[in-house]
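Please treat every number below as a calculation from the coordinates, not as lab data. Being a predicted model, the structure only gives us computed values, none of them experimental. Counting neighbours? That spans all protein chains shown, and the Cβs are built from the backbone with ideal geometry, glycine included.
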Amino acid sequence: MLARYADPAATGRLSLARPDDWHLHLRDGTALRAVLPFTVAQFARAIIMPNLSPPVTSAAAATAYRQRILDALPPHAQFTPLMTLYLTDRTPPEEIDAARESGVVGCKLYPAGATTHSEAGVTDVRRLDGVFERMARAGLVLQVHGEVTDPAVDVFEREAVFIDTVLAPLAARHPQLKIVFEHITTHQALQFVLGGREGIAATVTPQHLLMNRNALFAGGLRPHHYCLPVLKAEEHRRALLAAVARGERRLFLGTDSAPHARRAKEAACGCAGVFSAHAALELYAEAFEAAGALQHLEAFASHNGADFYGLPRNRDAVLLIREGWTVPAKYDYADGGELVPLRAGETLAWRLAARHEAAQ
Ligand code: NCD
Ligand code: ZN
């Protein structure tokens, strides 16, 4: 085990308990095989999003998907996929108990039409009150994509409107239900999570800590910076960064790494999603360092999520080294396609050490 250094900004070495990714898109088939090794190199566990096509709507489908992930693991990998169910208008309450028994940890609420593969999502959350009751009883976590889908609502306002019209009433109707407000992007979301009742938490992505909406238009249209919820104004980014830099325990790491082939991103109607799994921890380290808060990175990345989900913290460690490296311009993806990672071709200041380096 490594000695811990008092000032990682000065020594350039930062040891952390191995982190988990509490919001991840792994896809399926050859795409899964292309992206899984990146996550396995960094994280012990990840919450696997169920927005496949068709979506993972039953305990049986979640079990089968978990097996396909395990089958795709590199040799000797130690990695636990934590499975979720995709809620629809027709999710039977009985499915919740079956899900719990099969090891599913939560259910994802996608408002219908909010994002990639959400067509089958929920049109009116009040129809699911029976399901939420079962979830609260079974101890399953509700993971929420928090945006309204009304095309009349400005795309930058959809998260804030969702809180008032959907999420706050839902959280009040189900006071025992554990809720993760996924990939929050606004100070309104922060206020809701940090000022709310017990049992509410949020994930924060690297892109929403590092970039504001100007990054979508820097020198031209930047499809690889487009994700949902969309990047917001600088005041929101600052509020998110300040909150994680204070060490807020209700906030934790969830990359929302969401791979799409280059041809699907660089298109007349480009897909939403930023791929960040290749450098997840390095990107978060950059954000925390910029805020002078590297001492809070470990709790954010490795403690808060496990504590909220009621799972044990990981016992092994990873090592971050302050040593520049250049992100490749692209990685191979499914069907001969290419994946353009966040910060493609740019230099990152931190590097995650390989397992044998961390053990030295
Ligand atoms: C995600 C995807 O591609 O599956 N895209 C994204 O922009 N985050 C879906 C999602 O989480 O909204
Ligand atoms: Zn997502």
Using alpha-carbon pairs under 8 Å, 6+ residues apart, how would you state the relative contact order of the stretch 87-229 in percent? 19 percent
Computed label-point distance, nm, for sites Ala317 and Asp154 using a 7 Å Cα→Cβ extension: 4.8 nm
Across all directions of projection, what mean area in square nanometres is found for the Cα convex hull of the stretch 21-139? 7.0 nm²
Thr347 and Arg262 label points (each 7 Å along its Cα→Cβ direction) are spaced in nm at 2.4 nm
Kindly provide log₁₀ I(q)/I(0) values, in the same order as q = 0.08, 0.13 Å⁻¹, from the Debye equation applied to equal alpha-carbon scatterers of the chain. -0.35, -1.02
Place the peptides 107-116, 339-348, 42-51 in order of packing, highest mean first, counting for every residue the other Cβ atoms within 10 Å and averaging per peptide. 42-51, 107-116, 339-348
Over all directions, average the projected area of the Cα convex hull of the stretch 218-265 and note it in nm². 4.5 nm²
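Given the Cα-Cα distance of Thr326 and Ala233 and 0.36 nm per residue of separation, how much length would full extension add, in nm? It would help to have the intermediate numbers written out before the result.
Values: separation 93, 0.36 × 93 = 33.48 nm, distance 2.77 nm.
The Thr326-Ala233 span can extend by a further 30.7 nm.
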Within the stretch 300-331, whose backbone N sits under 17 Å from a point 7 Å along Cα→Cβ of Asp7? 322
Residues of the stretch 252-286 with backbone nitrogen within less than 20 Å of a virtual label 7 Å along the Cα-to-Cβ line of Glu338, please, listed as ranges. 258-279
Would you please put 225-238, 306-319, 270-283 in order of how densely packed they are, using the mean number of other Cβ atoms within 10 angstrom per residue and starting with the highest? 270-283, 225-238, 306-319
Counting DSSP beta bridges in the chain, what percent are antiparallel, to the nearest 5? 30 percent
Any chance you could count the Lys pairs in the chain whose alpha carbons are under 25 Å apart, treating pairs 8 or more apart or on different chains as valid? 5
How about the stretch 119-157: which trypsin sites (Lys or Arg not before Pro) there lie in a loop by DSSP and see at most 16 other Cβ atoms within 10 Å? none
